[in-house]
Amino acid sequence: MQITSSIHAINIPFVVPTPAGQINRSVNVFLYCGAKITLIDSGVAGSEQYIYSYLEQIGLQPINIEHLVLTHSHPDHVGAAKEIQRATGCRVSAHIAERNWIEDTNLQEKERPVPGFHTLVGGSVTVDNLLYGGESILVDQGISLEVIHTPGHSAGSISLWCPSDKVLFTGDAVLVPGDMPIFDNYPSAVDSLKKLENIALEWSLSAWDEPKQTAEAKILFTESIDWLKKINATVHKVSKMRGVGDYMEICRDVVAELRLPQFAVNPLVARSLMSCLAE
Ligand SMILES: [Zn+2]
């Protein structure tokens, strides 16, 4: 899908195999196509097929992918990075706080065991260019993406702002209201959203959601902050009733209260919910 004259979005479906059955999900990756091609996130293992065929459809050569910028280290963002780097020789950029899990995906699996990790992630890749937030990444002559550190979903999550096209790439920083809550740090997640909601954008492009234009994006940011606050309030209410005991029991009760699907009772969501009690 073409967003602006240079920016394209590709939606890539994938399956998460869990003990309770398969979960069908999808992830968006983005392309900035100038004199060279910058890819924002790689999708899960095998996503390179979708990316290469999209580029060929619009008359571009996959080998011209010069730079892969990873918004963070999770499987649906880094899964195809190793293969794309191998095939194109592209540079890889990511925030320093995500480096360990990108450069050692076995460590990531050990510390954050997503079901079916090895079907989703093709392997580790070296980060050539470490980001801290505040940098400008040149994507075409005179055109840059500004790196905004937006922690919360993960410690080194970044968003990218393209002032010339007025496009904001948010990775997983913006929670989809009503969808599974996945974050590492509740206060940081709220602060990051507040940082993003004041940007005078024309497009907000998230990894999980449809591309949103100005008015819709404003609503989404507000609803996402409200959703986080509702999750936080529910976790506090449930833990007060139950006592801070078995975190999976708290997760089960919170999922029921929030009317989330049953598969949201899982260790990843439980870990997110526990971060509300960390302060
Ligand atoms: Zn993520």
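What order do you get for 58-65, 17-24, 267-274 when each peptide is scored by the mean count of other beta carbon atoms within 10 Å, highest first?
In descending order of packing, they fall as 267-274, 58-65, 17-24.
Looking at region 7-214 only, what percent of DSSP beta bridges run antiparallel? Nearest 5 please.
In region 7-214, DSSP labels about 65 percent of beta bridges as antiparallel.
Enter the mean projected area of the convex hull around the alpha-carbon atoms of region 188-257, in nm², rounded to one decimal.
5.6
Can you compute the label reach from residue 214? Point 7 Å from Cα along the Cβ direction, backbone N cut-off under 18 Å, restricted to region 154-180.
162-169
From the helices alone, meaning DSSP H stretches of at least four residues, give me the mean residue ellipticity at 222 nm for the chain, per-run term -39500 (n - 2.57), in deg cm²/dmol to the nearest 500.
-10500 deg cm²/dmol
Taking H placed 1.01 Å from N in the peptide plane, check which residues at least 5 places from residue 67 or on another chain put their amide H under 5 Å from its amide H.
Those qualifying (amide H under 5 Å, at least 5 residues apart or on another chain) are 37, 39, 91.
Taking 7 Å along the Cα-to-C-beta vector as the label spot, tell me the residue 118-residue 230 distance in nanometres, rounded to one decimal.
Once both label points are built, they end up 4.0 nm from each other.
Between residue 53 and residue 241, what's the calculated FRET efficiency when r is the beta-carbon distance and R0 is 51 Å? Round to 0.05.
With R0 = 51 Å, the Cβ-Cβ based efficiency is 0.50.
Compute the length gained on full extension between residue 176 and residue 103: take 0.36 nm times their separation in residues and subtract their Cα-Cα distance, giving the result in nm to one decimal.
In short, 23.4 nm is gained.
Round to a whole number: what % of the accessible area of the chain belongs to carbon and sulfur, probe 1.4 Å?
51
Return the distance in nm (one decimal) between the two label points of a simple spin-label model at residue 223 and residue 194, each offset 7 Å from Cα along Cα→Cβ.
Taking the simple label geometry, residue 223 and residue 194 are separated by 2.3 nm.
Considering only protein heavy atoms, what per residue accessible area in square angstrom results for the chain with a 1.4 angstrom probe?
About 43 Å² of surface per residue is accessible.
Using R₀ = 30 Å, calculate the FRET efficiency as 1/(1 + (r/R₀)^6) where r is the Cβ-Cβ separation of residue 15 and residue 258; round to 0.05.
0.80
Please give the charge dipole size of the chain, origin at the Cα centre, charges +1 on K and R Cβ atoms and -1 on D and E Cβ atoms. Round to the nearest 20 debye.
With only Lys, Arg, Asp and Glu charged at Cβ, the dipole is about 500 debye.
For residue 18, what residues show an amide H to amide H distance below 5 Å, using hydrogens built from the backbone and excluding near sequence neighbours?
Amide H neighbours of residue 18, under 5 Å, 5+ apart: 23.
Could the peptides 116-127, 77-88 be put in order, highest first, of the mean number of other beta-carbon atoms found within 10 Å of their residues?
Taking the mean over residues of other Cβ atoms within 10 Å, the ranking is 77-88, 116-127.
Given a 1.4 Å probe and the protein chains all in place, what does the accessible area of residue 26 round to, in Å² to the nearest 10?
Surface accessible to solvent at residue 26 totals approximately 40 Å².
Pop out the ³J(HN,Hα) list for region 136-145 in order, Karplus 6.51 cos²θ - 1.76 cosθ + 1.60 with θ = phi - 60°, rounded to Hz; leave Gly and Pro as x.
Each residue's phi maps through the Karplus curve to give 10, 9, 6, 10, 6, 4, x, 10, 10, 9 Hz.
Any idea what the relative contact order of region 120-240 is, in percent, if you count C-alpha pairs under 8 Å spaced at least 6 apart?
Once divided by the residue count of region 120-240, the mean separation gives 19 percent.
Subtracting the Cα-Cα distance from 0.36 nm times the residue separation, let me have the gained length for residue 277 to residue 129 in nm, one decimal.
49.8 nm
Restricting the count to DSSP beta bridges whose residues both fall in region 44-154, what percent are antiparallel, rounded to a multiple of 5?
About 40 percent, rounded to the nearest 5.
Output wanted: per-residue J couplings in Hz (rounded whole) for region 32-45, from phi through Karplus 6.51 cos²θ - 1.76 cosθ + 1.60, θ = phi - 60°, x for Gly and Pro.
Values, residue by residue: 9, 9, x, 4, 10, 10, 10, 9, 9, 6, 10, x, 6, 3 Hz.
Determine the relative contact order of the chain: mean sequence separation of Cα pairs under 8 Å and six or more apart, normalised by residue count, in whole percent.
13
Apply the Karplus curve 6.51 cos²θ - 1.76 cosθ + 1.60, θ = phi - 60°, to the phi angles in region 169-183 and return the couplings in whole Hz, x for Gly and Pro.
Running phi through 6.51 cos²θ - 1.76 cosθ + 1.60 with θ = phi - 60° gives 9, 10, x, 9, 5, 9, 5, 7, x, x, 8, 3, x, 10, 7 Hz.
Report the charge-dipole magnitude of region 1-90 in Debye, nearest 20, computed about the Cα centre from +1 at each Lys and Arg Cβ and -1 at each Asp and Glu Cβ.
For this selection, approximately 60 debye.
The values are calculated or read from the model by the stated rules, or taken from the named source; none is laboratory data. Because the structure is predicted, anything quoted here is derived from the model rather than measured. Please note: Cβ atoms are built from the backbone with ideal geometry, for glycine as well, and neighbour counts cover all protein chains shown. Side chains included, ligands, DNA and RNA excluded: accessible areas come from the protein's heavy atoms. Shrake-Rupley method; radii C 1.70, N 1.55, O 1.52, S 1.80 Å.
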